[in-house]
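Quick notes on the structure that follows.
What follows is calculated from the coordinates using simple rules that are stated; it is not laboratory data. On a predicted model such as this, the values are computed, not experimentally measured, just so you know. Glycine also receives a Cβ, built like all others from the backbone with ideal geometry; neighbour counts cover every protein chain displayed.
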Amino acid sequence: MTTDPCDGCGREVRIAGGIGDFWNSDRSATGGMTLELADGTEHFLCSDCIDALPDDREVRAEDVATLEERSD
Ligand SMILES: [Zn+2]
C-alpha cells in the first residue's frame, strides 16, 4: 500500500498496489483513483473529491481546481 496526494484537496490518499488490487477491492478501501477528464488531462482524486465532481456534465480540469478551493 502506498499513498499519493489528491489533486483536488491535497490529502494523502491510500492507493492500491496494482490493477489487480484495484479490481478486487471496493473504492472506499482504495481511497482514490486516477480519472481522465473530458479535456484530456489526468488527475488523481480521492473518493470524496470524485463524489463532489459534477455528474450531470463532462468534468474538466477547472472542476478539479474548484475542488481545491472547497478544501480547508
Ligand atoms: Zn480529494
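Numbers below:
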quantity	calculated
For ILE15, distant residues with modelled amide H under 5 Å away	THR2, THR3, ASP4
Fully extended contour minus Cα-Cα distance, from GLU69 to THR2, at 0.36 nm per residue	21.6 nm
Residues with amide H under 5 Å from that of VAL59, placed H, sequence gap 5 or more	ALA38
Backbone HN-Hα couplings from phi across the stretch 50-65 [Karplus 6.51/-1.76/1.60, Hz, Gly and Pro as x]	4, 5, 7, 5, x, 10, 9, 7, 5, 8, 10, 4, 5, 5, 5, 4
GLU58-GLU12 pseudo-label distance in nm [points 7 Å out on the Cα-to-Cβ vector]	3.6
